[in-house]
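Read the figures in this text as sums done on the coordinates, not as results from a lab. This structure is a prediction, so every number in the text was calculated from the model and none was measured. Cβ sites come from the backbone with ideal geometry, for glycine too, and all protein chains shown count toward neighbours.
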């Protein structure tokens with residue numbers, strides 16, 4: 001089983017490396033249109049199209065009519081006029097376009113659908129990296145690594161209820177796949193999570209609950225238990241207030257100890273492919289059965305680098 005686990009990891013890593021190289025080779029292409037914005041396009045052959053830009057290459061754009069979901073490919077050389085069209089929407093998509101980096105807040109993530117064939121990496125402190133590869137719009141494989149050393153592998157699934165509500169699940173196995181034994185050194189534990197997201201990519205919140213199970217032998221070799229189970233709940237919020245910046249905040253609560261962690265930061269949306277997050281994390285303590293920020297501790301700076309590969 002361990003041998004199969006190692007082979008699976010290297011196949012996935014090699015596949016993501018190919019995708020990464022493809023992303024680098026096409027990085028010089030600069031989009032002219034904003035995804036998720038409503039346009040009216042006129043062409044030299046006399047056609048007129050109104051819809052949302054959903055795809056763009058060096059020579060073509062794809063525009064989608066969201067009333068009937070019909071997509072039309074248009075040659076850029078034939079475009080003689082394009083105008084952004086105002087629309088009545090619930091949030092800010094008409095102003096800023098789609099948020100291509102809506103998958104994550106800081107450490108927590110949303111339940112928005114994936115994009116089949118795309119991969120997305122989120123690197124915390126430039127040390128710990130999560131890499132997701134979307135098998136379909138609903139399923140993704142996820143790999144975690146510490147300084148490029150693999151420490152977790154799992155799967156995620158997200159589903160859409162309607163235009164503003166989504167739910168998802170994830171499960172990950174944690175361990176050292178190169179350990180010399182099959183015991184606690186090899187298998188550290190697992191985590192499982194369920195989440196619900198409301199909103200759009202530019203303004204949303206997510207509530208989650210889950211379980212972190214740690215191999216008991218790692219903590220107490222004489223323990224008769226298989227796992228030490230740590231339940232948790234979390235809440236996160238995103239508000240994109242300019243085209244290039246979004247505010248992100250999140251809280252993680254561990255009910256058994258009534259201890260929590262809170263983080264807040266600003267995400268810089270450098271491009272459709274790259275984003276940076278800068279913020280800080282602090283702990284929250286319980287006092288008189290109420291949670292409050294611990295002002296006696298110094299907040300820990302937080303930095304993350306995210307990149308999307310197509």
Among 71, 203, 48, what is the fewest-to-most ranking by other Cβ atoms within 10 Å? 48, 71, 203
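Taking 0.36 nm per residue of separation and subtracting the Cα-Cα distance, what length does fully extending residue 71 through residue 147 add? Could you put the intermediate results ahead of the total?
Details: separation 76, 0.36 × 76 = 27.36 nm, distance 4.20 nm.
Length gained between residue 71 and residue 147: 23.2 nm.
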By counting other Cβ atoms within 10 Å of each Cβ, how are 146, 212 ranked from fewest to most? 146, 212
What does a probe at residue 244 reach in the range 294-310, counting residues whose amide N is under 17 Å from the point 7 Å along Cα→Cβ? 306
When a footprinting reagent is the concern and you count Cβ atoms within 10 Å, what order do 59, 137, 163 take, fewest first? 59, 163, 137
